[in-house]
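The values are calculated or read from the model by the stated rules, or taken from the named source; none is laboratory data. Everything numeric in this text was worked out from a predicted model, so none of it was measured. Counting neighbours? That spans all protein chains shown, and the Cβs are built from the backbone with ideal geometry, glycine included. Heads up: the accessible areas ignore ligands, DNA and RNA and are worked out on the full protein's heavy atoms, side chains in. Shrake-Rupley method; radii C 1.70, N 1.55, O 1.52, S 1.80 Å.
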Amino acid sequence: MDLISTNDLSDEHLTYLLDAADNWFKFNRQLRKSDDRLAGLNVVTAFFENSTRTLLSFDIAARRLGAMVTNLPVDASSVAKGESLMDTAFTIDAMRPDVLVMRHPQPGAPRDVAGWMDCPVVNAGDGAGEHPTQGLLDVATIRQHFGRVEGLKVAICGDIRHSRVANSTQNLLERLGAEVRLAGPKPLMPDLYDGPDGIDHAIEGADVVMMLRIQRERIDGDLGDKPGEYLSHYGLTAERLAKASPDAMVMHPGPMNRGVEIEGAIADGDRSLIRTQVEMGVAVRMAVLDQATIERRTRKTA
Ligand code: NCD
């Protein structure tokens with residue numbers, strides 16, 4: 001089955017994926033970590049936007065499950081010769097892959113592609129739309145650390161307006177009973193936002209403070225901020241973090257801009273779950289790839 005939006009997940013499916021991710025997390029801490037449930041299947045990755053964590057973790061996840069992985073190097077592909085997304089999808093589909101993992105700057109592109117392909121499509125981020133596996137890894141990380149999600153206060157701070165991570169993570173957190181507080185500079189908040197400017201109100205008493213990068217590639221012109229200015233007005237500093245709950249943890253989906261939205265010492269400190277998020281990312285993607293291919297694996301003909 002496809003995974004395009006967090007809304008595609010039933011409650012049952014969501015719980016199943018989070019439990020499976022916990023198991024894969026432990027599995028991945030073994031010296032030898034290989035399973036063969038995807039043996040003989042081909043996972044294709046096509047990233048029309050840059051990526052470090054998401055691309056690498058899907059690749060590692062697929063290989064740990066025994067799949068063959070093929071990456072389409074988009075910049076060197078016929079996309080640069082003007083081939084449309086539809087023709088690119090038809091071309092990939094004709095090679096009979098078993099899953100396509102794709103990232104694209106256009107919100108909705110993975111849904112369109114899923115309609116053109118026979119194999120399941122997993123959305124690895126569509127512009128400012130959704131990033132369902134990031135949402136899953138964020139809630140899995142919180143659930144693992146705190147033992148629950150329900151009742152936690154989670155502040156998501158920064159460029160909310162352009163963030164697909166905020167969309168997916170907020171959706172899953174709220175479904176699991178967390179209180180989500182969105183905050184940031186007014187120009188980077190959604191149009192309907194009518195709360196105060198800044199992030200202090202959201203951090204007050206929060207159990208989790210999740211910081212987001214400014215998505216400068218989605219903003220026309222620069223924000224006019226001078227070096228250090230964003231951090232002092234809207235970034236996570238030790239003084240701001242002191243206002244959160246005494247056991248509060250800090251998260252960031254990466255990539256981080258140290259000294260902009262977060263002080264480097266906080267990112268590396270003992271309140272940081274940032275590297276655990278990355279580790280959980282591999283586990284979540286193993287759970288997702290396993291689920292995405294179950295129907296295909298139990299089918300008699302390919
Ligand atoms: C995010 C993304 O690409 O949406 N990164 C990620 O996948 N971990 C966040 C970002 O680019 O700021």
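Any idea which of Thr70, Thr91 is β-branched (Val, Ile, Thr), away from the ligand (no atom under 16 Å from the Cβ) and not in a helix (DSSP H, G or I)? Reasoning before the result, please.
Details: Thr91 fails: not in a helix (DSSP H, G or I).
Answer to the selection: Thr70.
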What pairs can you find where one residue is in segment 62-88 and under 14 Å from Ala46 (Cβ atoms) and hydrophobic (A, V, I, L, M, F, W, C), the other is open to solvent by 70 Å² or more (accessible area, probe 1.4 Å) and assigned to a strand (DSSP E or B), and their Cβ atoms are less than 9 Å apart, with a gap of 6+ or different chains? Ala62/Met68
Taking only segment 239-260 into account, find how many residues are open to solvent by less than 60 Å² (accessible area, probe 1.4 Å) and either among the small types (Gly, Ala, Ser) or more than 16 Å from the ligand (Cβ to nearest atom) (or both). 8
Specify the residue that is farthest from the ligand (Cβ to nearest atom); the eligible residues are those in segment 130-156 that are among the small types (Gly, Ala, Ser) and open to solvent by less than 10 Å² (accessible area, probe 1.4 Å). Ala155
Please enumerate the residues belonging to segment 157-170 that are under 17 Å from Gln277 (Cβ atoms) and away from the ligand (no atom under 12 Å from the Cβ). Cys157, Gln170
Across segment 162-195, what is the number of residues that are surrounded by 22 or more Cβ atoms within 10 Å (Cβ to Cβ) and either part of a loop (DSSP other than H, G, I, E, B) or modelled with pLDDT under 95 (or both)? 2
Collect the residues in segment 110-129 that are buried (at least 24 other Cβ atoms within 10 Å of the Cβ) and within 10 Å of the ligand (Cβ to nearest atom), keeping them in residue-number order. Ala124, Gly125, Asp126
All conditions in (1) touching a residue at least 60 places away in the same chain (Cβ under 8 Å); (2) within 16 Å of the ligand (Cβ to nearest atom); (3) crowded, with 24+ Cβ neighbours inside 10 Å are true of Val99 except (2)
Test set (1) assigned to a loop (DSSP other than H, G, I, E, B); (2) open to solvent by 20 Å² or more (accessible area, probe 1.4 Å) - Ile214 fails condition number: (2)
